[in-house]
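**Student:** The following block contains the structure, expressed as structure tokens.
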Amino acid sequence: MRGAMKIGNRPKRFGGFARIGWPAVLSFIAGVVLIAVGLELFLKPNRLVAGGAQGISIMLSHVTEMQMGLFLFLINVPFLFLAQPGRGMRSAVIRTAALTVTSFVAVLLDPIPPLTEHSLAASLLGGLALGCGAGLILRIGGYTDGVNEAAYWVKSKVPLSIAELVMLVNLSILALAGLLFGWEQALYSVIAYYVAYQSLRYTMRGHHRYTLVRIQGGRLDAIRTDLQHRFGSDFSVFSPSSRSSEGFGDMTVIISREQEGTLRDVLRETDPSATVSMTPLASAKYDEYKYLQ
């Protein structure tokens, strides 16, 4: 539990960007450099892919002999407009910057020869750099591959979860890489994909994706209406609002980590006297947190 905090009427000189400190900047720089190095100096020269739009970019670069960084940018740009609702301007800026800078660094690294031409070493080191870099970017709210965004919008039309959709897309990309580069390289690509996935999970360890928020105040209906207006259906009411005889009450909702800043803005505008307490969650499933009521 992070404890309760009074919202109050704090000045918003820099808005949400004031929360971007040096740790986030260093994480951003390290993340984009690791991703670009993993792609340009390990995977692409050895005809290896690790799924996602990055894998498609490597294949298009091989076929057209154009720079991979260019395809990386062009393929991912449309996904910037498919961002999940309610993430706010800060997240949009970070996501756009992560994509743009990663593509630019990849273009700069294009003339440099590969660090190794051994397929197994390239798959291990490239996957490790790619996964760790992606994890560092995700921790600050950015992204460098649009497959997850596409899966978020497709999941309402098919009976599959986001994880299943992402897995299906990546397996299709790996199969296409096998047809293009040969099945031996495809096996090394599977190794790169697995190492990237595991290193991403390790980098994200201890980093929560969702937040359980308990709101205490006197204008709960107005707060709930404003949250629905900002987030749409992209937040869950964990427990309905309850009030005392004086009209003061509490309400508990589950939001994504990226929505915390927007929620604070809503509370400052709607009920500056409200008090909130936040608890990090790994999942947004209601049944997993009934014991907290």
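The values are calculated or read from the model by the stated rules, or taken from the named source; none is laboratory data. As the structure is a prediction and not an experimental result, all values here were calculated from the model. Here Cβ is always computed from backbone atoms with ideal geometry, including for glycine, and neighbour counts include all displayed protein chains. Calculation scope for accessible area: heavy atoms of the full protein, side chains included, ligands and nucleic acids excluded. Shrake-Rupley method; radii C 1.70, N 1.55, O 1.52, S 1.80 Å.
**Student:** Determine the gain in length on full extension of the stretch L26-R268; use 0.36 nm per residue of separation and subtract their C-alpha separation, reporting nm with one decimal.
**Tutor:** Working: separation 242, 0.36 × 242 = 87.12 nm, distance 3.01 nm.
Length gained between L26 and R268: 84.1 nm.
**Student:** Largest first, how would D226, D221 line up by accessible area (1.4 Å probe)?
**Tutor:** Working: D226 60, D221 95 Å².
So, going from the largest accessible area down, we get D221, D226.
**Student:** Next question, about the same structure. I191: accessible area at probe 1.4 Å, nearest 10 Å²?
**Tutor:** It works out to around 60 Å².
**Student:** For the pair L187 and T64, how long in nm is the line joining their label points, each one 7 Å along Cα→Cβ?
**Tutor:** 3.2
**Student:** Assuming R0 = 41 Å, what is the FRET efficiency of A222 and V158, from their Cβ-Cβ distance, to the nearest 0.05?
**Tutor:** Working: r = 37 Å, r/R0 = 0.89.
Calculated transfer efficiency: 0.65.
**Student:** Now for a separate question. Show the residues, 5+ positions off or on another chain, whose built amide H is closer than 5 Å to the amide H of G146.
**Tutor:** Under 5 Å from the amide H of G146: A53.
**Student:** Here is a follow-up. Quick one: what Rg and Dmax do you get for region 26-76 from the alpha carbons, in Å?
**Tutor:** Just the Cα atoms of region 26-76 yield Rg and Dmax of 10.7, 35 Å.
**Student:** Hey, if we sort M68, M167 by accessible area with the 1.4 Å probe, largest down, what's the order? Mind showing how you got there, number by number?
**Tutor:** Values: M68 0, M167 85 Å².
Largest accessible area first, the residues go M167, M68.
**Student:** Separate question: Could you provide, to the nearest whole Å², the per residue accessible area of region 20-69 with probe 1.4 Å?
**Tutor:** On the way: 1930 Å² over 50 residues.
Normalised by residue count, the accessible surface of region 20-69 is 39 Å².
**Student:** Largest first, what is the accessible-area ranking of E117, E164, E40 with a 1.4 Å probe? Kindly include the intermediate steps, with their values, before the conclusion.
**Tutor:** On the way: E117 155, E164 95, E40 5 Å².
My answer, sorted largest first, is E117, E164, E40.
**Student:** What FRET efficiency comes out for the pair L80/M204, r = Cβ-Cβ distance, R0 = 22 Å, nearest 0.05? All intermediate terms of the calculation are to be shown ahead of the outcome.
**Tutor:** Working: r = 22 Å, r/R0 = 0.98.
Computed FRET efficiency for L80 and M204 comes out at 0.55.
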